[in-house]
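The values are calculated or read from the model by the stated rules, or taken from the named source; none is laboratory data. Computed from a predicted structure; not experimentally measured. Neighbour counts are summed over all protein chains in view; Cβ atoms, including those assigned to glycine, are modelled from backbone coordinates with ideal geometry.
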Amino acid sequence: MKIHFETDYMAGTHPEILQRLIETNLEETEGYGSDEYTKRAEDLIKKACGKEDARVHFLVGGTQTNSTVIDGLLARHEGVLTAESGHINVHESGAIESCGHKVLTLPQEEGKIKAEDIEKYISNFYADDTYLHMVAPGMVYISFPTEYGAVYSKKELQNIQSVCRKWEIPLYIDGARLGYGLVAENSDVTLQDIAQLADVFYIGGTKLGALFGEAVVVSNPKLLKNFFPLIKQHGALLAKGRLLGLQFETLFSNNLYERVSRHAVKMAMKIKQAFIEKGYMPIVNSTTNQQFFRLPNEVIDKLSENVGFEYWGARGEKESEVRFVTSWATKEEDVDLLIERLNF
């Protein structure tokens with residue numbers, strides 16, 4: 001039997017969400033998010049964020065969400081600042097560029113960018129007399145947690161926000177795995193902090209137990225005022241919007257969002273500790289549900305016979321970097337089986 005640690009969206013949906021979908025399946029409601037389930041989901045999210053004046057929109061997937069939000073935030077001549085390893089730069093097939101906006105990259109460490117590098121880029125840009133002929137830095141995009149599973153501290157986020165405020169550009173946080181970052185043992189950031197520090201962010205559902213869906217939270221009321229028609233222009237408006245609202249209503253009821261996050265991180269920490277005890281040190285200090293190791297190719301080949309995981313980059317001559325990912329659906333017995341299969 002093969003066990004799987006490739007991604008955090010391999011299983012369908014959390015049983016509590018599935019049960020709600022079954023219970024309401026034959027109900028007939030208004031479309032495009034005008035239903036009562038979506039309204040309740042919006043209210044629950046605003047309450048959890050401590051931002052009653054926020055606006056909440058539901059989209060289906062992460063790439064779709066990023067391209068729509070970024071297109072809405074930028075003027076035609078502007079680009080988006082992000083880490084070299086940023087998801088929009090590496091793994092979204094040029095989705096941002098296809099909307100006419102350039103991705104402007106900054107140095108990164110474990111996927112994180114620094115406020116001083118943002119400041120340096122922008123100040124150097126406007127110090128160039130020919131800046132009117134270049135793509136202007138119009139916003140900052142970061143992921144929490146990062147593509148390497150690292151989390152920003154509250155101070156780091158405050159510093160980034162300070163630079164964005166100085167240059168009057170929005171800060172957008174990709175929260176595809178937000179729950180995992182919030183419950184990480186070294187995180188001092190809350191959902192309320194994210195809502196205060198980001199102008200726009202999204203709460204990931206696809207990777208945290210939903211069948212599909214992301215919740216965009218617009219914290220800055222001055223931004224994305226006409227977001228609904230833009231969603232439709234991007235082909236991102238779901239006619240059966242109730243399916244999104246119902247899932248997020250369930251995720252934000254009975255503490256489900258936090259419960260699924262804590263389970264996945266607990267399983268990831270167990271994997272991390274087991275690899276360390278075997279002498280395989282992580283390549284980054286991820287405290288979330290993604291764990292990265294550099295393993296000898298013979299170990300990779302042996303594990304691959306009955307364990308699913310991903311290469312993180314090209315295969316090396318003697319050793320390669322790989323990623324193991326846990327989720328709400330990860331069974332502890334599968335983690336134990338992975339650990340057992342390290343003993344060959």
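Points worth noting:
- Residues satisfying the stated conditions in region 277-334, i.e. among the hydrophobic types (A, V, I, L, M, F, W, C) and loosely packed, with under 13 Cβ neighbours inside 10 Å: MET281, ALA314
- Here the condition is being within 30 Å of ALA268 (Cβ to Cβ) and at pLDDT 95 or above; of LEU104, LEU74, LEU44, LEU26, it holds for LEU44 alone.
- Looking across region 77-101, the residues that are touching a Phe, Trp or Tyr at 6+ places or on another chain (Cβ under 8 Å) and either polar (S, T, N, Q) or at pLDDT 95 or above (or both) come down to VAL80, LEU81, THR82, SER85, ILE88.
- Verdict on VAL265 being of a type in the set (Val, Ile, Thr) and either in the same structural domain as ASN289 (by TED's automatic domain parsing) or at pLDDT below 95 (or both): yes
- Considering only residues in region 205-221 that are farther than 27 Å from THR7 by Cβ, at pLDDT 95 or above and of a type outside the set (A, V, I, L, M, F, W, C), the one that is surrounded by the most Cβ atoms within 10 Å (Cβ to Cβ) turns out to be SER219.
- Of the numbered criteria (1) under 21 Å from LEU256 (Cα atoms); (2) more than 20 Å from the chain's Cα centre (by Cα); (3) surrounded by 15 or more Cβ atoms within 10 Å (Cβ to Cβ), the one THR29 fails is (1).
- Residue in region 247-267 that is out of contact with any helix residue (DSSP H, G or I) (no Cβ under 8 Å at 6 or more places or on another chain) and surrounded by 19 or more Cβ atoms within 10 Å (Cβ to Cβ) present: yes
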